[in-house]
1. So which residues in the stretch 337-381 are basic (Lys, Arg) and more than 16 Å from the ligand (Cβ to nearest atom)?
2. For the condition more than 18 Å from Ala366 (Cβ to Cβ) and crowded, with 22+ Cβ neighbours inside 10 Å, what is the one hit in Val303, Val273, Val320?
3. Quickly run through the stretch 137-167 and pick out the residues that are out of contact with any Lys or Arg (no Cβ under 7 Å at 6 or more places or on another chain) and part of a loop (DSSP other than H, G, I, E, B).
4. Mind checking which pairs have a first residue in the stretch 326-345 that is closer than 17 Å to Lys63 by Cα and free of Cβ contacts under 8 Å to residues at least 60 places away in the same chain and a second that is basic (Lys, Arg) and more than 14 Å from the ligand (Cβ to nearest atom), Cβ under 7 Å, 6 or more apart or different chains?
5. If I filter the stretch 74-116 down to residues being surrounded by fewer than 17 Cβ atoms within 10 Å (Cβ to Cβ) and polar (S, T, N, Q), which single residue comes out as nearest to the ligand (Cβ to nearest atom)?
6. So if I check each of Asp178, Asp218, which one is within 30 Å of Pro256 (Cβ to Cβ) and either part of a helix (DSSP H, G or I) or of a type in the set (Asp, Glu) (or both)?
7. Just to be sure I understand, how many residues within the stretch 308-336 are more than 16 Å from the ligand (Cβ to nearest atom) and in a loop (DSSP other than H, G, I, E, B)?
8. Give the residue that is surrounded by the fewest Cβ atoms within 10 Å (Cβ to Cβ), with candidates limited to residues of the stretch 285-300 that are farther than 20 Å from Arg119 by Cα and within 16 Å of the ligand (Cβ to nearest atom).
Amino acid sequence: MTFHPHQSRAIGAVSLSVPRRAFLTGGAAALALAGEAHADAPASLKALAARTGRVFGAAVSWKQLDDPDFAALVREQCAILTPEWEMKWGAVEATRYEPSYGPAVKIVNFADANGLQVRGHAALWANNLPPWGRNALLARGGDSAALTRLRQILQRFPDLADWDVANEALEPRNGRPDGLRNSALVTALGTNWIARSFFEARKYAPKSKLYYNEYGVDYADQQSEDRRTAVLRLLENLRKQNAPADGLGIQAHLRPGDKPFDAARYRAFLKDVAGLGFEIKITELDIDDKILGPDVASRDARVADETARYLDAALDEPAVMGVLCWGLSDRYSWLRRSKRFGRQDGVAARPLPFDDKMRPKPMYEAIARAFRAAPQSRSPR
Ligand code: G3I
């Protein structure tokens, strides 16, 4: 982390479980290894991830990058970024036939200028359609509306590291035998729309890793189990069709105290996904602390515990190639804006590894330790 002379050393914000000097020396050594030696900076998460062939990153919005402290933290900690909003259909083409890419380009330019990769998100998603989008998908010619969107966004950003080609397309509670979410995309492109979108996407982004991105596959409850089953069925189907799909994005929006976590069950799921030849990224990690009491220290500790337990299991799987948080600092978390998710008691959510003042929290320490303890990832294919 960049040390501002006026800013007291922030490391105190992290309840270190190892002697501070040892931790920092280790961290500085890691930074030195990564060519980012700072006098007493905590180890950068990207340097720790790189030690086992992985990436660490975060979702960012273009306006957040105007905040110099946040931009400095992103540069120091992240090897890969996801535009939180700026590449979505609703953000790009609010007016039909008039796509605008400015905010997305700003994020890509920031990444290029700092040697960071970018994950494209989300080429096709039934949520966040432009105002005219749903009707266009439901009308005759809806398939060409969807395929035009897919072609345009991938042709505009053809060289990204990853693309989330299809996002949140499954919903077992909709009762379909194929587990699909009932949506305008099914109407427009048919029940095989996910495979179709991968075949299309490969035409325009030949070098990107093409991902399917999904939430709700983390915990041991029946609903999560049903979602894992639906994901595996989808991945098997993509393999059967020889669809050019490379990876599964597991969003990992976690919520301590809500549902039980069964590490063995989760590891088995990751192993099944890897066994189908897919790489995996944890793509949107954050810890919704809405069920926890308001006390900051105990909330931060519980958030760190949930992070540690989850990542210890996830990073044991060599096919897990990276971890991205959905945001990097609590200051900009979507959970503070969401009416539906996040705390409803007026207490500011603390879901991310760095606090409002960009200081590392116990969650940061949990991620760092998980990367330090992780086995080597499998080599990228
Ligand atoms: O920036 C515009 C602003 O100019 C405009 O005045 C305002 C009018 O509503 O909208 C603003 O855009 C908002 C955007 O976030 C930027 O803050 C959109 O309304 C709002 O819908 C959008 O919400 C995003 C949401 O996805 C829907 O796209 C959240 O930021 C984002 O965190 C959330 O992220 C999703 C992932 O893409 C998929 N997985 C779940 C995750 C959390 O819901």
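1. Residues of the stretch 337-381 that are basic (Lys, Arg), as a first pass: 337, 339-340, 343, 350, 357, 359, 361, 369, 372, 378, 381.
Scanning the stretch 337-381 gives Arg350, Lys357, Arg359, Lys361, Arg369, Arg372, Arg378, Arg381.
2. The unique qualifying residue is Val273.
3. Step one: filter the stretch 137-167 for residues out of contact with any Lys or Arg (no Cβ under 7 Å at 6 or more places or on another chain), giving 137-158, 163, 165-167.
Listed by number, the residues that qualify are Ala139, Arg140, Gly141, Phe157, Pro158.
4. Hits for this filter: Asp330/Arg350.
5. This residue is Ser100.
6. On the way: Asp178 fails: within 30 Å of Pro256 (Cβ to Cβ).
Answer to the check: Asp218.
7. Just the residues of the stretch 308-336 that are more than 16 Å from the ligand (Cβ to nearest atom), to begin with: 308-322.
So of that shortlist, the ones also in a loop (DSSP other than H, G, I, E, B) come out as 315-319.
Matching residues across the stretch 308-336 total 5.
8. That would be Lys290.
Computed from the coordinates by the stated procedures, all read-outs in this text should not be read as laboratory data. Since we're looking at a predicted model, the values are computed, not measured. Note that we place each Cβ from the backbone using ideal geometry, even for glycine, and neighbour counts take in every protein chain shown.
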